[in-house]
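Novice: Here's a structure for you.
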Amino acid sequence: MSAAPSAQLARLLAGYRRFRQTGWNPNRERWATLREGQQPEIMVIACSDSRVDPAQIFDVDPGEIFVVRNVAAMVPPFETSPGLHGVSAALEFAVQVLGVREIVVLGHGLCGGCKAALTKELQGAERGEGGFIADWIALLDEAREPVVAAHGTSGREAERAMELAGVKASLGNLRTFPCIRRKERDGELRLTGAFFAISDGILHVLDETSGDFQPAA
């Protein structure tokens, strides 16, 4: 006989049972359609933080958004060197296979990854002890410099500036991908930067002309 599930797994299983009753059974036609394939028009690149689920924030149904989540909602620049390029593979699939029409980079308030990039607190850590995180958030080193010059490395104002700079950095890196650059130029794809404030639940959208994030209407 298998061991009883942990309290954590039991909570998930209870949620699964609720989903079967309120999510699956009443929407059989929707699930039958999705069984044949997916056709999302939107890709969202978001943070892995448990407090910022894109499907919940945007109140979408299964099949509506293609989501990639990682520490600090980062996109690495296009490169062809050997390696395991998880985000790049997801981008390639979304843009070239699924043909998404919009990519949204969603940053958020109180982001631990952005704070670590700002403070450099994990610099020099061994891999497996913080080093993998340090390597990843080094993608923000260039974006960090003007933030530190203007706000220092501590305090909520500096952290917020780093979070917003991270969204802009990922947008810039998206445009290093030839297929994305071409599709954006031809009007087949749009890129949008957004920021969700955990403290007040307000979504902000980047105006790339002014460089400012404005509350969504």
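The values are calculated or read from the model by the stated rules, or taken from the named source; none is laboratory data. Small disclaimer: the values here were computed from a predicted structure and weren't measured. Cβ placement follows ideal geometry from the backbone for every residue including glycine, while neighbour counts extend to all protein chains displayed. Remember, those area values only see protein heavy atoms, side chains included, never the ligands or the DNA or RNA. Shrake-Rupley method; radii C 1.70, N 1.55, O 1.52, S 1.80 Å.
Novice: Mind telling me which of T80, T153, T119 comes out most flexible in a GNM of the chain, alpha-carbon contacts under 10 Å?
Specialist: Of T80, T153, T119, the Gaussian network model singles out T80 as fluctuating most.
Novice: Most fluctuating residue of Q56, Q38, Q123 in a GNM of the chain with Cα springs under 10 Å: which is it?
Specialist: Q56
Novice: May I ask you to evaluate 6.51 cos²θ - 1.76 cosθ + 1.60, the Karplus curve with θ = phi - 60°, for each residue of segment 55-64 and list the ³J(HN,Hα) values in order in whole Hz, giving x for glycine and proline?
Specialist: Residue by residue, segment 55-64 yields 4, 6, 4, 9, 6, 10, 8, x, x, 8 Hz.
Novice: Same structure again: Short version: ³J(HN,Hα) in whole Hz for each residue of segment 148-154, in order, from phi by Karplus 6.51 cos²θ - 1.76 cosθ + 1.60 (θ = phi - 60°), x for Gly and Pro, what are they?
Specialist: With the stated coefficients, segment 148-154 comes to 5, 4, 8, 10, x, 10, 9 Hz.
Novice: Follow-up question, since we're still on this one. Could you size up the charge dipole of segment 112-206 around its Cα centre, putting +1 on the beta carbon of Lys and Arg and -1 on that of Asp and Glu, and report it in debye to the nearest 20?
Specialist: Result for segment 112-206 is approximately 400 debye, rounded to the nearest 20.
Novice: Can you give the relative contact order of the chain as a percent, counting alpha carbon pairs under 8 Å and 6+ residues apart?
Specialist: 20 percent
Novice: When the helix-only estimate is applied to the chain (DSSP H runs of n ≥ 4, each -39,500 (n - 2.57), divided by the residue count), what is the mean residue ellipticity at 222 nm, nearest 500 deg cm²/dmol?
Specialist: -11500 deg cm²/dmol, from helical runs alone.
Novice: Given a 1.4 angstrom probe, what's the average accessible area per residue across the chain, in square angstrom?
Specialist: Result: 59 Å² of accessible area for each residue.
Novice: Another one. Once the piece of chain linking L12 and D61 is laid out straight, how much longer is it, given 0.36 nm per residue of separation minus the C-alpha distance between them?
Specialist: Taking 0.36 nm per residue and subtracting the Cα distance, the gain is 15.7 nm.
Novice: Here is a further query. Given charges of +1 on the Cβ of Lys and Arg and -1 on the Cβ of Asp and Glu, with all other atoms neutral, how large is the dipole of the chain about its Cα centre, in debye to the nearest 20?
Specialist: Around 680 debye, computed over the chain.
Novice: Follow-up question, since we're still on this one. Assuming R0 = 45 Å, can you tell me the calculated FRET efficiency for the pair A32 and D141, based on Cβ-Cβ distance, to the nearest 0.05?
Specialist: For A32 and D141, the calculated efficiency is 0.40.
Novice: Where does helix 7-19 land angle-wise versus the long Cα axis of the chain, in degrees 0 to 90, nearest 10?
Specialist: The angle comes out at about 60 degrees.
Novice: Moving on to the next point. Working out 0.36 nm times the residue gap between T176 and A149, then minus their Cα-Cα distance, what length gain in nm do you get to one decimal?
Specialist: 7.1 nm
Novice: Highest GNM mean-square fluctuation, the chain, Cα pairs closer than 10 Å: which of G172, G63, G23?
Specialist: Its mean-square fluctuation being the largest, the pick is G23.
Novice: At a threshold of 8 angstrom on Cα-Cα distance, excluding pairs fewer than six apart, so keeping six or more, what relative contact order does segment 1-116 reach in percent?
Specialist: Relative contact order for segment 1-116 comes out at 30 percent.
Novice: Further question on the same structure: Report, please, the projected area of the chain averaged over directions, based on the convex hull of its C-alpha atoms, in nm².
Specialist: 16.3 nm²
Novice: For helix 156-174, report the angle its Cα long axis makes with the longest principal axis of the Cα atoms of the chain; keep it between 0 and 90° and round to the nearest 10°.
Specialist: 80 degrees
Novice: How big is segment 97-141 in terms of Cα radius of gyration and Dmax, in angstroms?
Specialist: 14.1, 40
Novice: Looking at V167, V60, T22, which one has the Cα that reaches farthest to the positive end of the dipole of the chain (charges on Cβ: Lys, Arg +1; Asp, Glu -1)?
Specialist: Of the candidates, T22 comes out farthest on the positive side.
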